[in-house]
Amino acid sequence: MTSTETIRAIQENIARVIKGKPHVIEMSLVALLARGHLLLEDVPGVGKTTLAHSLARSLDCSFKRIQFTSDLLPSDIVGVSIFNRQKQAFEFIPGPIFANIVLADEINRTTPKTQSSLLEAMSEAQISFDNKTYPLNPPFMVIATQNPAEYHGTFPLPESQLDRFLMRLRIGYPAPEEEKKVLERASSLHPAEELLPLLTASEVVQLQDQVDKVFMEESLTEYLLSIVRSTRQSELLSLGVSTRGALALSRAAKALALVRGRSYCLPDDVKELAPIVLSHRIMVARQAGLHQRSFEQAERIIRDLVDTIPVPV
Amino acid sequence: MPFQLPSFAHRVFRYRSTRITSEGLQFLIFALAIGIAAINTGNNLFYLLLAMMLSLILISGIAAEYCLRRLEVRRHIPDLLFLNSPVTIVLAVKNRKSRLPSFSLALCDVGEGQAVFPQVDIHALPPGVSRLLSYQLIPTRRGRLHLSGVRLSTEFPFGLFTKRAFYPMDDVVVVCPELRPVSERLLQGLFAAGYEQAVHRRGHGSELYNLRLYQAGDDSRSIHWLTTARTSQLTIRETEAEEQRRAIIHLSTSVPASHDTMFERAVSLAASLVQHLARHGYSIQLRVGSERSSFGQGDAHGLELLRMLALCQRSDPTAESMQQDEWPDGHAEIEGGGTVVAVQAWCGAGACELPRVLIDGELIPGAAYAT
Amino acid sequence: MPLSQALHLTSMLLASASFIGLTLGAGLPEWLAVLTGATLIAVLLRNMGLTSVDHITTQMPVSSIGWNLIVLGGFVGFWIDLLWVSGELLPAGLHFLMILMIIKLFNLRLRRDYLHLYAISLVAMLASGSLTTELWFFPIFAVYLVAGVWTLLLFQLTKTAEASGDAWMPAPARLRQESYQGNDRISPRIFWMANGLAFGAFLFTVAIFFTIPRVNAGIYQKGFGENIRTTGFSDKVNLGAIGSIKHDPSVVMRVELLGTPRQAARPLYIRGVSFDRYDGKVWTNQLSYRRSFIEESPGTFGFRGKRGVVRSDSGDAIRQKILLEPLDTPVLFAAPFIERVTGAFPSLFFDPAGAVYLPFPSSSRIEYTVVSRSNTLASADLGTGPGHYPDWVVRHYLQLPGQSHRINALAGDLTQGRHTPYEQAAAIQTYLTQNYRYSLDAPLAAQDQPLEEFLFVRKTGYCEHYATAMVIMLRTVGIPARLVTGFLATEWNDYGSYYVVRQQDAHAWVEVYLPHSGWMSMDPTPAEDNRGSGGKVWQVFGPIMDNIRLQWNRLFVQYSAADQLAVVRELKAEGMSVRNKALDTVTALFGTFLAVMGGIVTHDVSQIRIGLLGEIVGFVLAGFAVLFWLGWGRLREGWSLWKTDDGSELAITQLYRRMRTYLSGQGFSRSAAIAPLELVEITRTGWREAHTAVAAITELYCRTRFGHRPLTQEDVRHAEDQLRRLLELRKPRV
């Protein structure tokens, strides 16, 4: 199977479980192939967990789920050193982060300290514990979920931390007929459990390497940079997109091109990805330091900005 | 919010108006004079000049209309504004015409009652292009700010007439009371009151509170392995509960009309206190007149409280309202404890020059704000 | 070019146009014209960036108070001018206007000064319009209009700048503001738009001009232009007076024949006045008492009773439409003999000799229609039957200035053996035509006996001499005759189908009274050898220019309420659809120019002329090409950024661009921010028929443009096919 066919097969596989959301599936694959992490921001019960689960299932990768609560400690994620009486030595018991795909549920429910331990692991792809480093196995991808509706007792992630996520997605409610289908297939089994793995971990890594070879034309890079620059100059934003953000957009665009079976990027790739890759990296200008969330607003601002930038012809 | 002008004609004309500029007036006077001269003498060349001037007027009208046609305007406005603090309002205007550019546009927001806001200009807007424009607005009144639409005007092409188009676009934003730094003395009073109440106790958290020997039933996750190894005894690490301080801010609204400005200052003071305490991690309840919020923490809660203060109204004092506004006696009434901060703009018969602040029933003398 | 500089330039142009108009129209004093011209040139040069000029003008130590004082001085000068120098309000006012313009030109600092300059130029234009009705006004008016549109537009565009320095804006916000910053340039967009607006304004101007109601339009337009001096039409004419004007090419009138086929006709005699008495040197008209015409219907005048002195039942009627320049004589010219005159006259007079007069010389052009009928030779006059002359003819037309034997003898010889008056007259005419040479170089007026000198000594002369000689000889043999002055129209204008009559066409000939036929015209003057040899270019463009001039007079200068009414009436009467009528009007308007163009192409000109014409046309075309290239080059500049050396990439990119242009023309993809696949999606939902073509082209384009995959020739051809198919589609109207 060529890479294009493989990717299509995975999409179809997941689509058997997540009904009517091809876009979300495509984007999560993009995040995977771009070696990025995914932040799903949505109300509970729309299939965030199922998405992560089925992605992991189709890939023949290890999958761990961490439910974030206010009493979760960093060691609950990273792992602990335990004194082994037989060996008279400390032994490192790896935490759930040592998996290929990690689902971090309700990430904003835990304390900033715990959050940062996860985020460090995400950016470094390794764990430092007691002066030892433990590399994480590639592919490594964190799918974090966050519930925007609740604020009681939550610790929203700061922008600098959000930057670690490649993209922020919403799943949204399914269309009525799709929802009906979900209800109809009342299976006792978790739907994701039925999926068969299509790729091994090493094949995923190979695909990730292919992303780097996707060609991006010079004028397209210019286009991408002018989008980024416009966020820095915009009156609406108090914080524009960083260089890391530009890099992320470029990588995501390449991954999207690969997912769509192309070996080169198009302006469409950049344009389509800009809102979901950039919207969580910016700070909407506010008065008196009042932090305000509104996913939609940030996305809309990015979209408006992109609409002012001429596409290279 | 995008608003596209409906295509049918009567709507188009309802939102248009034309005014003449001073240059235009001079032009018209000249045209009139030439017209009179032409009729008097019957000189056809005068008629030719007159025809030229009339055609310029006609072209003016047509070009201006095309200039204002098919534009799309959006407004980006922050959800919360603060009294007397400048805010940037952004207007995005897009030229939806396929070929013709628009020139010399001036945009300005129109508020309730035709109040006009600062004007922003665009020199040229090529077809298919959108531009972001911003202006600074300093709200001068607490409460709801109503923006009814955007007025576009242009003097294009000849500067003889100003043509205006009105794009209705309703936006209501809340203007919060002014936030100012709170005076040192007041803060000391606050923290002094709060300190007594804040207790270090065991609980969930991340700060170390104590180490003790393992007891059956303890969570194995909290074994402190380093100490256990050192002492060869299973040692448990206890954490300190997250600090939870509570405050109730009470603002009395029954103030006579004569004390209107005083009331505004009191509202502003209350808002500043809310902001300040929220930042220091207090869980806050706000009582405005008879209204009560829940206890809460975090930005969203703070926002809600500010909104409450933004929209509160002064009411004339009556016996009943005085009763309701009556100071809640002692701490007993408040479950779970907490500091009670009362902000009063009017203290009955005795006139006071500044809003009074009482913390747990004690009057904090002196200025409310940092000087 | 920065907008502010462009504004300055167009303001100068505006001022120049009005200045040239005024100079041509009013004949400003030379020093003033030179001064204003020099000022304009100096200011223009400064605008062009000649620093030395700039240096001089900025060095002038004049403050604003100083300028005010100068204006005051000019005002005082105006009063002096008015009271002592010119003595009239208008010239003095014009002089003052020019001085004001000079002052303003040097003092263009504030926007207000610009406005003043525009007002001054408008007044100057107005004055120019009141002083002239010449054709040159039209190009100057057109230039003024275009410059005016440009100026007002630029004035407005630069205004935005100054107004936006608003106190509302805090400094940083103002910096980011999108507005005129003083360094904006004339973009191709502004350039084409301004020209488009100017063109639109011009069309509207013409439309408004023709539709604006002419309320109470004056019958006699006051003009200040000089009337053309004519000779030969007063009551007393020296022999040889016409000779002095035989070199003057200025146009006196234009005559259009109505109801005759449009082709070059034979020479047309246009009759002015006749003379009955000759005293040896001077012809006089003794029958100069005038009677007024009957106004048959408003504007139409006919002869009363038996039409005076001529018979009415013979000859073909000639209908003519005559556009007469302002002359210094009240005589109304027409082909002989006038039967009916139609025109906007309050009244008309005629004398017994058949000349028609206005109440007073017109100071502006007049247009009138005349029906004339000449007498034909009655067969009775060819026979030998005796004819007798009416008393009044005998009384007036047999006078002789004194007996001259030589002339008597000559006349006797010539008429020997001829029996009828007609034959005798023909013999004399033949003799004169064949034995004498035409020459303008004949200083006969100085002679004591000019006629004898002409007949027997010099034997050269011009029309007046021939005619006088013939009249005298006829009278000598007892045939009544008189001298007639007028014009001989020979110059036929092909483009407008009319005669052009110039001063040099002034002519004198003879009218002979035959017993049965009445007055018959006879011309003893032989044909001129070499008449009117102008420059070569003039010969080609002369008739064209003259025709344009005529149309200008017809359509603009002479346009009146009556014409408007006529159009309306025609519309009603014929029940023609308005569209047809409008089409006709347009055709009539532009027919001239089309004819001109056609004329240039088909005109039978020599090789040299074609070369010259070709050069001129070539220059004009080259100029247009350069302009187009300049504008277009700017437009293309933006695209060149993305050009690469790859041929196929270039080709497909251009195809794609054309597709985009077309689609945006059809209402898709208006924004430059639309990405290629997005566009495909838009057409898929919005325009199903076009979708396949758009998708195919976009696919190839993306592959080459962004993937750098080379295309095969086939691919390119395929894309071209698809584009062609797309261009044939029309978006369905929703």
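The values are calculated or read from the model by the stated rules, or taken from the named source; none is laboratory data. Treat the numbers as computed from the prediction; the structure is a model and nothing was measured. Here the Cβ is made from the backbone with ideal geometry for all residues, glycine too, and neighbour counts use every protein chain on show. These area figures cover heavy atoms from the full protein model, side chains too; ligands, DNA and RNA do not enter into them. Shrake-Rupley method; radii C 1.70, N 1.55, O 1.52, S 1.80 Å.
List of remarks:
- Site pair C:Ala317 and C:Ser439 shows an inter-label distance of 4.7 nm when each label is modelled 7 Å from Cα along Cα→Cβ.
- In this rough spin-label picture, where each label sits 7 Å from Cα along the Cβ direction, the C:Thr712-B:His280 distance is 8.0 nm.
- Taking Lys and Arg as +1 and Asp and Glu as -1, the other residues whose beta-carbon sits under 13 Å from that of B:Trp225 total +2.
- Averaged over peptide A:125-132, the number of partner chain Cβ atoms lying within 10 Å of each residue's Cβ comes to 0.
- Among A:Leu32, A:Leu51, A:Leu266, residue whose mean-square fluctuation peaks in a GNM of chain A (springs only between Cα atoms under 10 Å): A:Leu266
- GNM result for chain A, Cα springs below 10 Å: residue of A:Ser70, A:Ser117, A:Ser160 fluctuating most strongly: A:Ser160
- Centroid-to-centroid, using Cα positions, the stretch A:224-281 and the stretch C:328-366 are 88 Å apart.
- Computed with every protein chain present, the accessible area of C:Asp279 is close to 90 Å² [probe 1.4 Å].
- The stretch between C:Trp67 and C:Ser250 holds 61.4 nm of extra length on full extension. This uses 0.36 nm per residue minus the Cα-Cα distance.
- Heavy-atom SASA rank of C:Trp283, C:Trp67, C:Trp192, B:Trp225 (probe 1.4 Å, accessible area, largest first): C:Trp192, B:Trp225, C:Trp67, C:Trp283
- Whole-angstrom gap from the stretch B:27-105 to the stretch C:465-482, using each part's C-alpha centre: 77 Å
- Residues C:Ser16, A:Ser128, A:Ser54, B:Ser98, ordered by accessible area of protein heavy atoms at a 1.4 angstrom probe radius and largest first, appear as A:Ser128, B:Ser98, C:Ser16, A:Ser54.
- For B:Arg96 and A:Glu296, the FRET efficiency from 1/(1 + (r/R0)^6), where r spans their Cβ atoms and R0 equals 22 Å, is about 0.40.
- Mean ellipticity per residue at 222 nm, deg cm²/dmol - from DSSP H runs of n ≥ 4 across chain A, formula -39500 (n - 2.57): -14000 deg cm²/dmol
- Environment charge at B:Thr162 (Cβ cut-off 15 Å; Lys +1, Arg +1, Asp -1, Glu -1): +2
- Extension gain from B:Ser85 to B:Asn40, taking 0.36 nm per residue of separation minus the Cα-Cα distance: 9.9 nm
- Förster radius 30 Å - calculated FRET efficiency between B:Ser294 and B:Asp218, Cβ distance, rounded to 0.05: 0.30
- Calculated FRET efficiency for the pair C:Thr211/C:Ala119, C-beta based, R₀ 41 Å, to 0.05: 0.90
- Cα gyration tensor shape of the stretch C:367-515, rounded if a/c is under 1.5, else prolate or oblate by comparing a/b with b/c: oblate
- Charge tally in the Cβ shell below 10 Å around C:Asn285, where Lys, Arg are +1 and Asp, Glu are -1, C:Asn285 excluded: 0
- Neighbour-limited loop hits for GluC sites (Glu not before Pro), the stretch A:50-134 (at most 12 other Cβ within 10 Å; DSSP other than H, G, I, E, B): none
- On a per residue basis, the stretch A:214-313 carries 34 Å² of accessible surface, using protein heavy atoms and a 1.4 Å probe.
- Most mobile listed residue (A:Gln161, A:Gln88, A:Gln67) in chain A, GNM with C-alpha springs under 10 Å: A:Gln88
- C:Val85-B:Asp260 pseudo-label distance in nm [points 7 Å out on the Cα-to-Cβ vector]: 7.0 nm
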